[in-house]
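Colleague: Next up is a structure, given as structure tokens.
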Amino acid sequence: NAFCRDGATEEKRANSRSTWELMKESITAAYTMSMKSKRQLKAFDMPNEPQLRIFLVGTHLSLLPKDPEVERALLDHNKKVLAEMDNKPYDSNRVFPPKEVAYKGAGSYFLLDSQLQGDSKMKDHTCKLVNALRSQLSDSRYRLALKVPKVWFCLQLITSSVKKKMWKFTELKEFCIRCQFIQGVDADGQLLALLNLFHCLGFYVYFELSEYKEQWICTDATFLYKEMSKVLSVQYGPSESSSPELRNLKKSGEIPEATSEDLFQELGIDADIPTRWLLEVLVKIGIAAKMTEKICYFIPAALPERQIDLPEASVATLG
């Protein structure tokens with residue numbers, strides 16, 4: 001979408017490379033988490049094994065300037081994506097658009113106009129591509145069949161429709177027992193199985209964090225990932241009138257534990273999310289590292305992108 005918004009100047013192409021670096025980190029994290037989820041789901045009765053599929057979707061085709069230079073940049077970017085994903089462990093999980101509906105030069109992406117603001121030809125292209133996406137997503141070979149209590153999914157529907165997104169473990173347990181989503185002497189075991197399953201399926205976010213005394217459950221994973229993105233995309237936010245803590249995060253990638261609440265408030269992260277819990281979750285999923293000597297959290301994705309000129313190494317022969 002960087003090309004669609006801004007054209008194809010050298011500066012914009014540099015920004016698109018930064019965007020691609022973020023995309024690679026997201027894809028790698030998704031692949032790592034899917035492998036872990038696959039191992040966890042083996043505890044359930046499944047006729048087929050779940051498989052990760054990766055779709056790259058561009059959504060603002062109508063904003064793409066009709067300029068040969070832009071199309072050349074798009075083609076170059078497409079080649080870069082193909083080259084950098086080649087031989088990666090998740091390369092075989094990629095799903096490409098059918099050649100007959102793929103936008104010229106963008107064979108790696110489902111590049112469409114989500115706003116349907118273009119001409120009739122572009123709208124027709126978007127409809128064909130959306131239908132191709134739906135066909136891929138509904139492919140019965142990839143459906144995950146699980147034998148679990150139906151009331152569990154009733155719980156998921158209820159919790160996804162209420163405003164409350166963050167629950168203490170004890171609160172959710174009490175709610176589930178009262179509404180008979182779990183019952184009997186093994187209620188604790190049922191709740192843990194439910195939470196692990198919904199976490200693997202991407203409905204909930206739940207981690208048993210030994211470093212954090214109170215366990216929390218987010219019953220809307222999309223909500224939490226949106227809040228996380230405010231930390232990861234800090235370099236792309238406004239820099240005017242920012243606090244010393246925010247400037248330090250942009251410069252060093254560090255979040256001191258003592259000032260983390262004020263920093264998250266400045267970033268606009270939802271106040272219902274416990275600050276320390278979110279930081280520990282970032283550590284758990286490999287986005288942050290805890291630096292005990294500095295009493296802070298280090299987030300590499302928050303660092304500015306820069307080209308480092310390495311000094312030439314002097315090599316001496318052995319012997």
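Colleague: Could you please state how large a percent of the accessible area of the range 69-120 is carbon and sulfur, counting protein chains only and using a 1.4 Å probe? Mind showing how you got there, number by number?
Modeller: Working: 1430 of 2810 Å².
Looking at the range 69-120 in its full context, I get 51 percent from C and S.
Colleague: Near the amide H of Ile269, under 5 Å away, which other amide H atoms are found, from residues 5 or more places off or on another chain, if H is placed in the peptide plane?
Modeller: none
Colleague: Moving on to the next point. How would Ser26, Ser252 rank on accessible area, largest to smallest, probe 1.4 Å?
Modeller: Numbers: Ser26 75, Ser252 30 Å².
From most accessible down to least: Ser26, Ser252.
Colleague: Something else now. I'd like the distance between the alpha-carbon centres of the range 170-223 and the range 225-297, rounded to an integer number of Å.
Modeller: The two parts, judged by their Cα centres, are 26 Å apart.
Colleague: Next question. Looking at this model, which pairs from Lys79/Lys284; Lys251/Lys284; Lys165/Lys213; Lys164/Lys294; Lys128/Lys150 are more than 25 angstrom apart at the alpha-carbon? Please report the intermediate quantities before stating the final value.
Modeller: Numbers: Lys79/Lys284 33 Å; Lys251/Lys284 23 Å; Lys165/Lys213 20 Å; Lys164/Lys294 35 Å; Lys128/Lys150 35 Å.
Long pairs (Cα-Cα over 25 Å): Lys79/Lys284; Lys164/Lys294; Lys128/Lys150.
Colleague: Next question, about the same structure. Which value, in debye to the nearest 20, describes the size of the charge dipole of the range 97-233 about its Cα centre when Lys and Arg Cβ atoms bear +1, Asp and Glu Cβ atoms bear -1, and nothing else is charged?
Modeller: Numbers: 19 positive and 14 negative charges, 88 e Å.
Dipole of the range 97-233, to the nearest 20 debye: 420 debye.
Colleague: Can I ask one more? Calculate, axis by axis, the spread of Cα positions in the range 198-245 along the three principal axes, and write the results as whole Å, longest axis first.
Modeller: 40, 24, 12
Colleague: Could you sort 258-266, 206-214 so that the peptide with the highest average Cβ count within 10 Å comes first and the rest follow in order? Working shown, then result.
Modeller: On the way: 258-266: 15.8, 206-214: 13.6.
Highest mean packing first, the order is 258-266, 206-214.
Colleague: Taking a probe of 1.4 Å, how large is the accessible area per residue of the range 118-238, in Å²?
Modeller: Numbers: 7020 Å² over 121 residues.
I get 58 Å² per residue for the range 118-238.
Colleague: Please list, by residue number, every one of the trypsin sites (Lys or Arg not before Pro) in the range 122-163 that is coil in DSSP and has at most 14 other beta-carbon atoms within 10 Å. Numbers along the way, then the final one.
Modeller: Values: sites: Lys123, Lys128, Arg134, Arg141, Arg143, Lys147, Lys150, Lys163; in loops: Arg143, Lys147, Lys163.
Those that pass, being in a loop and sparsely packed, are Arg143, Lys147, Lys163.
The values are calculated or read from the model by the stated rules, or taken from the named source; none is laboratory data. Here the structure is a predicted model, which is why all the values come from computation and not from measurement. Here Cβ is always computed from backbone atoms with ideal geometry, including for glycine, and neighbour counts include all displayed protein chains. What goes into the accessible areas is simple: the full protein's heavy atoms, side chains included, and nothing from ligands, DNA or RNA. Shrake-Rupley method; radii C 1.70, N 1.55, O 1.52, S 1.80 Å.
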